[in-house]
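Enquirer: Quick one: the structure is below, and I'll ask about it shortly.
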Amino acid sequence: MRFVSGFKCIVCGKTSEPPKSAGTCPACGDPFSILNIEFDLARVAKSMTREALANRPLNHWRYHELLPIEPDEVAFAWPVGWTPIVETPRLAEWAGVMNLRVKDDGRNPTSSFKDRASSVGVLHAMQRKATRIACASTGNAASSCAGYAAMAGMPATIFVPLRAPEPKVAQLLIYGADVRRVRGTYAQAYDLCSRECDANGWYNRNCAINPYLVEGKKTCGLEIAEQTAGREPDWVVVSVGDGCTVAGIAKGLIEMHALGFIARVPRVLGVQAAGMDPIVRAFEGDGELPKDVMGSTIADSIDVAVPRNWRKALRYVKETKGAFVRVTDEEITEAMKAAGRLAGVFAEPAAAAAIAGVKRAAADGMIGKHEDALAVVTGNGLKDIKTAISIAGQPTEVEP
Ligand SMILES: *Cc1c(COP(=O)(O)O)cnc(C)c1O
């Protein structure tokens, strides 16, 4: 980790030793005292130049100076990232913004954004000589973790809540993971995973409290900066569950600005489901996480009542002068249909939430009529066929 300058607690500000895998601040003991990895950007700038990048492979390892891992030739050939950004003029008109681009992260190897974090997590676990990697997830983090563990040849144990969609569970089983279906909620699966990791010495991939993983999610922001340089969007819009994705993307944009790749930092808009909106409430309220949030959403990947990384999400979004909005399940399903029909993009509900968020923010006057937005589609629609079919209807049956 040649370019890492420190691990700093986002609550008390104290720096600490690098944790083995997941871990909160040892000094302040707050359950949400996530560590933040800081980089020596002056040194990164000397190595990660435009010229150097021009000669690197088109995957997210091209930014290895900004990742908390050692270079590894074999792992750096694992495919991940550098997903396309597509212009979607008809979807822009539907959303009520002047211009809308979509970065389709559903095109990652296991079909979700989580591959950015899992690839870094599995590589970090290997470099820490871990014998097994474990994670608890509503689905995508799990299937992604299992996929990269399989690429690397590392055993994986995955805890999923009862309501994880079948396609995601199918992925786990095909990738050969040891799958434990927990008779309970995501929060309960999460706690069980943490206990098992502590008891058995497994590598804990749980992104929210594993500071290394958020840095993997950051590469989406790094890519957006490099891919749109000179024509950066005014807003980057992304859905929010635990908050790691939105925090990572914002951090990536901020670092690329500090390194001189982009002239200004796009504002980051985090989108939550109206039925599960603790971070929006914290943003609108006193900056504290509301307790005992009840509710639910069809967007299973962002159905998170206790978002572990809410502080990092708030902090980085505010640093970009961004905001948070909520969208209803109905707005999400409308956005899912619109993305498919008007842009040829098949998004799972949590991913469509970002597109619904663009429309909501435009209607509320948060995104101006003459502004330019980029929505990140974080997961492919085939991840949740049941919802897709329930909103799209059945084909017309005809005689041969
Ligand atoms: C995990 C996930 C998110 C949200 O990421 P967090 O880091 O939990 O905020 C959004 N969309 C999809 C498809 C996801 O899998």
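Bear in mind that the values in this text are calculations on the coordinates, not laboratory data. Since the structure is predicted, the reported quantities are computational estimates derived from the model, not experimental observations. Positions of Cβ are generated from backbone atoms using ideal geometry, with glycine treated the same way; all protein chains shown enter the neighbour counts.
Enquirer: So for each of 121-130, 139-148 I average, over its residues, the number of other beta carbons within 10 Å; can you give me the resulting order with the highest mean first?
Expert: Listed from highest to lowest mean packing, they are 139-148, 121-130.
Enquirer: Here is a follow-up. Which lysines, on any chain, are close to Lys20 with Cα under 27 Å apart, when same-chain ones fewer than 8 places away are left out?
Expert: Filter leaves Lys8, Lys114, Lys129, Lys217, Lys218, Lys251, Lys312.
Enquirer: Kindly provide the pair-distance distribution of the stretch 196-245 built from C-alpha pairs, with 5 Å bins from 0 and whole-percent values in order of increasing distance.
Expert: Result returned by the calculation: 4, 17, 19, 18, 15, 10, 6, 4, 4, 1, 0.
Enquirer: Divide by every residue of the chain the summed helix terms, -39500 (n - 2.57) for each DSSP H run of at least 4, and state the resulting mean residue ellipticity at 222 nm, rounded to the nearest 500 deg cm²/dmol.
Expert: It lands at -12000 deg cm²/dmol.
Enquirer: In terms of the Cα gyration tensor, with a ≥ b ≥ c the square roots of its eigenvalues, is the stretch 140-217 rounded because a/c is under 1.5, prolate because a/b exceeds b/c, or oblate?
Expert: rounded
Enquirer: Right, next: Residues with amide H under 5 Å of Asp372's amide H, sequence separation 5 or more or different chain, H placed in the peptide plane at 1.01 Å from N; which?
Expert: When sequence neighbours closer than 5 places are left aside, the close amide H contacts are Asp234, Trp235.
Enquirer: Using only alpha carbon pairs under 8 Å that are at least six residues apart, calculate the relative contact order of the stretch 16-90 and give it in whole percent.
Expert: RCO, the stretch 16-90: 20 percent.
Enquirer: While we're looking at this one, here's another question. Roughly how many nanometres apart are two label points built 7 Å out from the Cα toward the Cβ at Ala187 and Arg341?
Expert: A separation of 3.8 nm, rounded to one decimal place.
Enquirer: Using the count of nearby Cβ atoms within 10 Å as a rough guide to exposure, how do Trp202, Trp82 rank from fewest to most?
Expert: Lowest count first: Trp82, Trp202.
Enquirer: Let me ask another. Per 20 Å bin, what is the whole-percent P(r) computed from every C-alpha pair distance within the chain?
Expert: 30, 61, 8, 0
Enquirer: Now for a separate question. Please state the relative contact order of the stretch 4-60 as a whole percent: Cα pairs under 8 Å, 6+ residues apart?
Expert: Computed value for the stretch 4-60: 34 percent relative contact order.
Enquirer: Give the long-range amide H neighbours of Val182: residues separated by 5 or more places, or on another chain, with amide H under 5 Å away, using H modelled in the peptide plane at 1.01 Å from N.
Expert: Distant-sequence amide H within range of Val182: Val160, Leu162.
Enquirer: For the stretch 4-60, rounded, prolate or oblate, judged on the Cα gyration tensor with a ≥ b ≥ c (square roots of eigenvalues), a/c < 1.5 rounded, else prolate if a/b > b/c?
Expert: Because a/c hits 1.5 or more and a/b exceeds b/c, the stretch 4-60 counts as prolate.
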